[in-house]
Amino acid sequence: MKLTSTSVLRIALVSTLVAAGTGAAVLAATSANAATTLAASAAQTGRYFGTAVAAHKLSDSTYVNILNREFDMVTAENEMKMDATEPNQGQFSYGNADRIVNQARAQGKRVRGHALAWHSQQPPWMQRMEGSGLRQAMLNHVTQVATYYRGKIYAWDVVNEAFADGSSGARRDSNLQRTGNDWIEAAFRAARAADPGAKLCYNDYNTDDWSHAKTQGVYRMVQDFKSRGVPIDCVGLQSHFNSASPVPGNYQTTLQRFADLGVEVQITELDIEGSGQTQAENFRRVTQACLAVARCAGITVWGIRDSDSWRASGTPLLFDSGGNKKAAYNAVLEALNAGGTTPPTTTTTTPGGPTGCTAAASVNSWNGGFVATVKVTAGSSAISGWRVTLTLPPGTTVVGAWNAERSGDSGTVDWTNVGHNGSVAAGQSTEFGFQGSGTAEGITPSCATG
Ligand code: G3I
């Protein structure tokens with residue numbers, strides 16, 4: 001838990017994940033002197049609070065003042081999209097995206113990259129393409145852009161909006177989809193190779209209601225990717241809400257179900273049309289849902305002032321057009337300051353030393369099962385292969401794993417790298433994971449190279 005200079009909190013550990021059955025420690029914060037900005041308040045539970053930023057607004061001082069004061073994560077609203085970054089095939093253009101990335105980083109903020117591959121906002125040359133030529137062009141785009149920003153992006157929206165609305169739960173038809181159903185995983189593998197330190201997300205809208213076919217379709221894809229070792233780390237729920245598409249009653253369930261697959265969940269483009277207390281309560285519910293889910297890493301709103309929104313007439317944001325805080329802002333701040341679960345913490349670490357790598361496990365448990373994520377970090381030299389050993393408690397069995405080979409399903413299990421994640425640069429990390437039945441209590445991974 002991070003405390004900022006503006007926050008003085010009295011934290012009471014009120015229950016543990018086992019008692020709560022949620023897989024996370026629950027923290028309650030009573031605030032004598034609560035944090036007073038969105039970012040500082042979110043940071044109290046290890047989360048971020050972000051906003052979409054438009055490059056052409058960086059000369060507006062009201063806008064920049066709010067940005068610098070309130071937010072610690074930034075997404076380029078349009079400037080990293082395919083049409084902006086590759087306007088002509090093979091000719092890349094990063095000017096406006098760089099302005100946003102540089103401004104954010106100079107202020108100590110992190111950046112979400114949006115979006116590497118999408119059926120929409122393709123440059124005209126790409127819109128005209130199909131088949132293997134398009135597949136190649138898409139993969140080249142992913143590789144070039146992710147390489148250009150390597151090491152500067154917290155999480156990439158690798159693929160955006162690839163599922164159809166309605167009752168099918170199927171992929172959306174598009175020129176990219178017609179290159180073959182594996183286009184999404186191909187994009188994720190290319191992104192991992194180009195920017196191995198970034199989290200890789202699938203991002204979509206209308207995936208907030210757990211009962212919707214589209215949500216289920218995305219869930220099945222993520223489940224399939226995890227079981228086959230396709231490198232995916234997070235799911236982005238855009239969360240654009242209005243009266244036709246209200247915050248669903250089961251929103252927290254949706255966040256939790258995705259999280260239970262072993263991926264981080266991020267609310268990536270939040271806006272809620274409305275006004276006054278009704279709007280404020282909706283924002284509060286969304287914030288509380290994220291705080292209740294340990295793997296919900298943070299919230300990004302899709303713009304700063306109502307007038308900055310793509311749905312400006314619906315006044316869906318936290319600041320009014322004059323830059324004043326709205327009731328919705330106060331509700332979010334209160335909810336953040338009330339505390340919540342903390343994102344999974346590292347439970348065990350082995351020291352560095354001559355073996356040249358360390359391993360740390362974090363565990364998300366529920367009654368009878370768990371997902372463990374093991375982070376392998378190279379020491380001061382690069383490594384070209386690794387082996388992690390850990391002993392499972394009696395009665396515990398591995399039921400599925402990703403990004404590593406294993407020697408068995410119970411007792412002492414050796415995990416070795418697969419082809420794409422054996423080479424780790426000095427000080428860098430890679431992750432593998434597994435799902436088990438039973439408990440992961442007390443697992444202590446150790447790491448050796450080769
Ligand atoms: O910059 C030009 C301007 O020069 C021109 O005069 C004007 C005329 O239409 O267009 C301006 O560009 C517009 C751009 O926003 C900047 O305002 C584009 O037409 C317009 O299409 C574009 O809309 C963006 C939209 O994505 C495009 O797909 C919105 O700003 C942006 O908020 C929205 O964001 C999307 C996420 O990327 C994905 N999820 C949904 C979300 C909302 O639609």
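Using θ = phi - 60° in the Karplus curve 6.51 cos²θ - 1.76 cosθ + 1.60, the 3J(HN,Hα) couplings for region 381-395 round to 10, 5, 10, 10, x, 8, 9, 10, 10, 8, 10, 7, x, x, x Hz; x is entered for Gly and Pro. Quick note on region 44-88: its Rg to Rh ratio, both from C-alpha atoms and Rh being the Kirkwood radius, is 1.09. Close amide H pairs (under 5 Å, H built 1.01 Å from N) link residue 86 with 93, residues at least 5 positions away or on another chain. Of all DSSP beta bridges confined to region 198-319, the antiparallel ones make up roughly 5%.
Taking one quarter of the surface of the C-alpha convex hull of region 56-140 gives a mean projected area of 5.9 nm². Between the amide H of residue 169 and those of 214, distances stay under 5 Å, these residues lying 5 or more places away or on another chain, with hydrogens modeled in the peptide plane. Neighbours of residue 376 by Cβ distance under 15 Å: Lys/Arg scored +1, Asp/Glu scored -1, total 0.
Eigen-decomposition of the gyration tensor built on the alpha-carbon atoms of the chain gives equivalent ellipsoid semi-axes of 33, 28, 21 angstrom, largest listed first. Restricting the calculation to alpha carbons of region 110-217 gives Rg and Dmax of 13.9, 39 angstrom. If both residues of a DSSP beta bridge must be in region 121-244, then about 10% of such bridges are antiparallel. DSSP bridge analysis restricted to the chain gives an antiparallel fraction near 60%, rounded to the nearest 5.
Bear in mind that the values in this text are calculations on the coordinates, not laboratory data. Being a predicted model, the structure only gives us computed values, none of them experimental. A quick note on method: Cβ atoms are made from the backbone with ideal geometry, for glycine too, and the neighbour counts reach across all protein chains shown.
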